[in-house]
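The values are calculated or read from the model by the stated rules, or taken from the named source; none is laboratory data. As the structure is a prediction and not an experimental result, all values here were calculated from the model. Here the Cβ positions follow ideal geometry from the backbone for every residue, glycine too, while neighbour counts run over all protein chains shown.
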Amino acid sequence: MEDATDRVVEMIEALQRELGVPSERLLVGGFSQGSMAACNAVFTRSVTPGGLVILSGTPANLEAWKAGMASKRGVPVFQSHGQNDPLLSFQAAEQLRDEMREAGLSTEWVPFRGGHEIPMPVLEALGRFLSTTSD
């Protein structure tokens with residue numbers, strides 16, 4: 001996870017240099033393991049994006065993430081998870097949501113009846129989130 005996170009951070013920094021995207025206009029996220037790498041980058045590194053997207057992710061390093069959450073208080077978060085996900089626990093996703101909210105992060109939570117997937121209602125809600133965070 002740490003090597004993957006370092007690569008994510010390097011990629012973000014390179015894209016910001018090349019494209020001139022300020023941190024407040026940057027959205028970081030992913031699906032499944034990608035969302036966990038995104039969380040690790042935001043909560044354990046100096047990445048402070050304009051938004052964080054967690055699609056079917058679960059805490060991979062919760063104690064370290066909790067330590068970094070307070071400093072990311074202004075970062076809006078979109079999180080979705082299937083209630084019947086056979087790979088990653090719905091309860092663990094709820095725990096992550098609760099920890100982020102307790103740390104003061106504004107977290108939009110979109111649970112759905114389904115598994116390890118991204119259904120259309122989640123995509124629609126994510127589109128609205130992206131529209132409001134990119135204003």
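Values for this structure:
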item: Boolean, Gln83 is surrounded by 23 or more Cβ atoms within 10 Å (Cβ to Cβ) and in contact with a Lys or Arg (Cβ under 6 Å, 6 or more places away or on another chain); result: no
item: Some residue of the range 101-120 being within 13 Å of the chain's Cα centre (by Cα), of a type in the set (A, V, I, L, M, F, W, C), in a helix (DSSP H, G or I) and modelled with pLDDT of 95 or more; result: no
item: Selection status of Met36, in contact with an Asp or Glu (Cβ under 9 Å, 6 or more places away or on another chain) and among the aliphatic types (A, V, I, L, M); result: no
item: Residue match in the range 123-133 (condition: more than 26 Å from Asp6 (Cβ to Cβ), among the basic types (Lys, Arg) and assigned to a helix (DSSP H, G or I)); result: yes
item: Among (1) surrounded by 15 or more Cβ atoms within 10 Å (Cβ to Cβ); (2) in contact with a Gly (Cβ under 6 Å, 6 or more places away or on another chain), the one test that Val9 misses; result: (2)
item: Single condition Gly74 does not satisfy, out of (1) part of a loop (DSSP other than H, G, I, E, B); (2) buried (at least 22 other Cβ atoms within 10 Å of the Cβ); result: (2)
item: Selection from the range 121-135 of residues that are at pLDDT 95 or above and among the charged types (D, E, K, R); result: Glu124, Arg128
item: Candidate set from the range 77-93 (those that are assigned to a helix (DSSP H, G or I) and touching a strand residue (DSSP E or B) at 6+ places or on another chain (Cβ under 8 Å)); member that is farthest from Phe43 (Cα to Cα); result: Phe90
item: Of all residues making up the range 12-63, the number that are within 27 Å of Gln83 (Cα to Cα) and either part of a loop (DSSP other than H, G, I, E, B) or among the basic types (Lys, Arg) (or both); result: 7
item: Residues satisfying the stated conditions in the range 95-115, i.e. within 13 Å of Gly57 (Cβ to Cβ) and surrounded by fewer than 15 Cβ atoms within 10 Å (Cβ to Cβ); result: Gln95
item: Verdict on Asp98 being acidic (Asp, Glu), free of Cβ contacts under 8 Å to residues at least 60 places away in the same chain, touching a His at 6+ places or on another chain (Cβ under 7 Å) and farther than 15 Å from Pro49 by Cβ; result: no
